[in-house]
Structures are given as structure tokens and as C-alpha cells.
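What follows is a set of notes on a single structure, which appears directly below.
The values are calculated or read from the model by the stated rules, or taken from the named source; none is laboratory data. Bear in mind the structure is a predicted one, so any value in this text is a computation, not a measurement. Neighbour counts run over all protein chains shown; Cβ positions are idealised from the backbone, glycine included.
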Amino acid sequence: MNIAYVYPWDVVGDPSAAARIASLGVEAVALAASYHSARVVTPHHPAHRVLEATHSAFYLPVRPSAWGRLVPASPGWTTADSWLRARDALGEAGLKVLAWTVLTHNSWLGSRNPDLVVRNAFHGPYPHALCPAHDDVLDYCQRLVREIVTAGEPDGIVLEACGPMGYGHQSPHEKTAGADWTGVHQDLLSLCFCAACADRYPAGTLEAVRAAVDGSPTSMADALGDLHDQVRDVRVALSAGLRERVLPACGELPITLHANPDPWATGAFAALPAGDPRAHVLVGSCWGDPVTDAGRLGALGALAAEGQRVGAYVLALPPRPADPGVLAEHLRIYGKAGAQEFHLYHAGLASPARLDALREALARQ
């Protein structure tokens, strides 16, 4: 199965969008229902070429009765019902429509509710990152999924950021490269010490993390020593607790979960080191070195329950070349590693040449 990822504004106002997407050779579309802020290009749209999604938004009408403390924002750059309008257009083209749902990545809500965001060991807040240790955040995510299922009536749901976000964030004018922090440093700075998280760790964790950030640890085990296993278990439990709230809210819909077998993972692909049989598809990121990405897919496959599929989240944008041969080879590698679905990013952002390359690469499979 092939799934193209798109935004509602890629479809609304463009009468040719649905047919163009269907011509790629996909059976379904992951259509953003809840998404973070972004500055995007729209190279195919008849009315605009650059669009600024200035804040995290919900792309179905916001009904006040559906929400608790946290209420998502409506967009100002497309219609409040843009998801519904795009869903209908895509459905008329014979495509299944999955609700692409970003959960804890929400700078609009985080900046307005600083008590609910991830805070690092130096008490620095990450406004883009709602911390799922807070019941208000769990309640919001559960309501978000329930509202999408009820009001959107999608054919399935795709859950992104189904766990805590962390240090990594592509924010405007990012100025973080000069510290020369390694991946271990970034994992340490992704550990949350907000009011709901701090007491979950064993004694001495805060001090150990602070010292390690200013040192040269070679791994999380090196950084945390005897505390490693307990801290890891706390981290993994945050993602597991969020799944306990949102997966039942999906009802009978097929669930696609963006996941990472790494227990220290944060961000769009949350930690899933022990798997979860309730999801129908486990999707791994394939935006880096294809061999490394294939290893991640293989690890997800090893965690998959009987009948559970593995998907590859395939980048068709730079730095990938607009070359059908290269893309086809990547798909072959991912398929050999166990991918049964290709999740293609991104049918709205890709140039005409990139869409042609993607169309040809899929046809070769």
C-alpha cells in the first residue's frame, strides 16, 4: 500500500490536486488534521506559491463543547473546515483518507500553557513540546483523536508525536549548532524535569544529567551510570501512557503509529521499544542513510505482532535527488528490510519533477 502525505491547503482551491495525487500510484492520503506551524511552498496550487502556517492548528471546525482546558486553534491561512473539504475531494478521486494527527507538538498551546511543557534539566522550557506526564495533555490528545474520529469520519488515523517531544526542533532561525552537542547530549537535554516528571526519576538524576551535559559522555549508559535503566523506563512510560489514552479513542479505525524502536527517541517518531499490538501499522522514519533506516525498519519488524504491518516514511524532498532510479533503489532497500507500506513525504511540497520521479519509482516496484 502506498500513502501520500498532504496538507489540506494543497487540495482546497486546487481542482486538479486530487487527480494529480492519485496519479502517483497511491491508494490513500494521509491528510493533516492537526499540525504544527510551518512555512511551506505550494508549487502546484493555482492561487499561491508560499504559505505561512503561523501556528499549530486544527483543520476541522473547533467545537468548544468538544474540548477541556486545552482548545486547539483554527487556521487563518485556509478555511476552518479545510480538512473536510479536502477529504471529500480526495474521496471522489477514489482515495482513502487517513487523518494525519500530530499530538504533543503544539507551540500554540505550549506557549500559552507553560506549566504543561517539557522542561530540561536546567529548567529550560520547550514551548513546542506538550509533556504527556500531565493529565491535561493526555486529556487534550484523547479529545483531539475522538473529535477527529467523530467529526472527520476518516478511513484511518495516523498518529505522530505520540509521546514526548524533546530538544530537537526546527524552529524559526534555529541557532543551536555551535554548541557541538552530540546525539547523547541532545538525548540528555530531551529528558523532562517539569513538575509532573521530576519526582518520577530516582534520586540524583537531575544532578547526573546536568553533569553529563557539560561532559563528554559516549552513550546514555555512560552518562547515567547506575541510573540508566530506571531513567529509561520513566521515559518509555510517558509514550506508553499516552498510547493508553489515545488508541482506544480511535475506535475501530485502522491505526498507523509513527514509531522508533529506540527507547530514548523523542519527536515525531516516539519511543516504542516493546511494540504495541493495538496499532495496525508501525511506521519508521526513512529520511537518513538508507542502510541505517533499513536497520530501524528491521527492528520495528521484530517488534511487530502477528498481522501488524511495517511502513517506511520515505522522503522525496531534498536532499534526496529528483531521480526515479535513486528513489526506486531506496524503496527496494526498505521493502527488503520489511516495509509493506510506503508513506511518501510529501505530495504537496514536491516539485513537478519530484512527483514525476516518485511516480516512476513507485511504478517500478
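Of note:
- Inter-residue pairs, beta-carbon under 9 Å, first under 14 Å from Ile3 (Cβ atoms) and in the stretch 332-343, second at pLDDT below 95, 6+ apart: Gln340/Met1; Glu341/Met1; Phe342/Met1; Phe342/Gln365
- Of the residues making up the stretch 259-291, those that are of a type in the set (Ser, Thr, Tyr) and under 14 Å from Gly335 (Cα atoms) number 1.
- Any hit, the stretch 306-313, residues being over 18 Å from Pro273 (Cβ atoms), under 18 Å from the mean Cα position of the chain (by Cα), at pLDDT 95 or above and surrounded by fewer than 18 Cβ atoms within 10 Å (Cβ to Cβ): no
- In the set Arg87, Arg63, only one residue is among the basic types (Lys, Arg), within 14 Å of Val11 (Cβ to Cβ) and in contact (Cβ under 8 Å) with a residue 40 or more places away in the chain; that residue is Arg87.
- Boolean, Glu153 is modelled with pLDDT of 95 or more, surrounded by fewer than 19 Cβ atoms within 10 Å (Cβ to Cβ) and under 27 Å from Asp276 (Cβ atoms): yes
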